[in-house]
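Working notes for the structure below.
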Amino acid sequence: MPGSSLLRVFDEAPYLCRCSDNKTAAYVKPRANAVNWPYMQVNRKNVVSWLVFDLDHNNPMIWEDAALPPPNLIVRNPETSSAHLFYAITPVLTGPEARQQPIDFLKAVYRSMALKLKADLAYSGPVAKTPGHPWWQTTELHNSEYSLGELQPASDLEYIPPWRGVPDLETVSHSRHCTLFEQVRFFAYAIVRQEREQGSESSFIKRVEQYARSKNRFSGRHYKSGKLRQSQVRATVKSITRWTWSKYYGAADCARGTMLLDRSIPLPEKQRLAARYTHKERVKKTEERIRTAVTNLEAEGIALTQKAVAEASGLSRQTVAKHKHLLAPAGRNVVDFLVEKRRLNAGKSHVKNAVYQITASLLVPLLFDRGRSLVPARTIRMLSDSGSVSENCESVRLDTS
């Protein structure tokens, strides 16, 4: 049917589709052949054109009770009444070069709808029930394409950090995967700090995996089967431990950041203070790199040009130009007194250093740049009959003792 949702499934599917007669996605075949299999891949790599919700319960019309827009396709198992709901959406890019904000919005919309539909939150494809296959009962409701804002307005979405609170097992009680995930992740949050201080990542993973196996007991409940497969348990543990070990720092005494700001400070003020602190630290590190480069270039006898300093420091020439005061002696507060002493004593007869020799005060020119002395004040002793600098300020006496 031209313009139908069934035709859109075929058009949006990748040329080489994953397919199988179960959810393992074991085969890769051209889409013309993949549609003959009960399960096939409907979204191309790095592009999401369909939101597919896996309903393990027997109410495929739950979208009406949840006041959600109608799906394009309902693909139902006639024996168990479990179903996949297909929503056609404006394609969203999810590859490495894609913008992160649309991806985050897509995930938030999917999670919000999945909770209202009581769908399996652990379902992530890549295959879904093939619409129109003889194994399934397929119902097409319309052929419209939704935008994410039409499915779930942003005002209806509330971001809740996933580590807050306690496991909400009632919300996910319809799914063994979600139930295990909720139980295990909170256990991981509770022990990760101790493992960082006293153990290692491998011991952390081992403890979480042992706990997950102990919780993999679903017999006697309303589920149709008992335990999850060990491969499923390991996949859940891997997902939880990798994220928790690298990103979770939920302890109350270390959640205030580097600046240790008071929690009562309004967010705009925190952001203003943080921006000022970050800028100050960035400038400090830049100046340290320039000073190090200048020192190395002087030791090698290379002229201090902006281009040379930029290449030695790894900064751009424009950045070095903004800190060009660091290239001048005044900016670095560097005065080589030993070199100056040798220059002034050149041509004079050398005196042997005796054991009790007292070094005389050295007469050196008074060095000024832009109105300030290049010689640190603590090293200069002004000597005159009146105890002040002479009127012409041509020279000062340097205490070299």
ask   = Would a scan of the range 38-61 turn up a residue that is among the hydroxyl-bearing types (Ser, Thr, Tyr), closer than 24 Å to Ala25 by Cβ and modelled with pLDDT under 90?
value = no
ask   = Across the range 18-38, what is the number of residues that are more than 9 Å from Val127 (Cβ to Cβ) and in contact with a helix residue (DSSP H, G or I) (Cβ under 9 Å, 6 or more places away or on another chain)?
value = 5
inquiry  = Any residue that is assigned to a loop (DSSP other than H, G, I, E, B), at pLDDT 90 or above and not assigned by TED's automatic domain parsing to the domain that holds Trp243 - is there at least one of those in the range 145-160?
reply    = yes
key: Members of the range 113-140 found to be among the hydroxyl-bearing types (Ser, Thr, Tyr) and in contact (Cβ under 8 Å) with a residue 12 or more places away in the chain, listed by number   = Tyr123, Thr130, Thr138, Thr139
task = Considering each residue of the range 100-135, count those that are part of a helix (DSSP H, G or I) and among the polar types (S, T, N, Q), and give that number.
result = 3
query = Is one or more of the residues making up the range 210-228 in contact with a Phe, Trp or Tyr (Cβ under 6 Å, 6 or more places away or on another chain) and modelled with pLDDT of 85 or more?
reply = yes
key: Subset of the range 1-17 (residues that are surrounded by 21 or more Cβ atoms within 10 Å (Cβ to Cβ) and either among the small types (Gly, Ala, Ser) or assigned to a strand (DSSP E or B) (or both))   = Ser5, Ala13, Cys17
task = Considering each of Ala98, Ala128 in turn, give the residue that is modelled with pLDDT under 90 and of a type in the set (Gly, Ala, Ser).
result = Ala98
key: Every residue from the range 277-304 that is surrounded by 13 or more Cβ atoms within 10 Å (Cβ to Cβ) and more than 19 Å from Ala328 (Cβ to Cβ)   = Tyr277
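The values are calculated or read from the model by the stated rules, or taken from the named source; none is laboratory data. Predicted, not measured: the structure shown is a model, and the values here were computed from it. In this analysis, Cβ positions are derived from the backbone assuming ideal geometry, glycine residues included, and neighbour counts consider all displayed protein chains.
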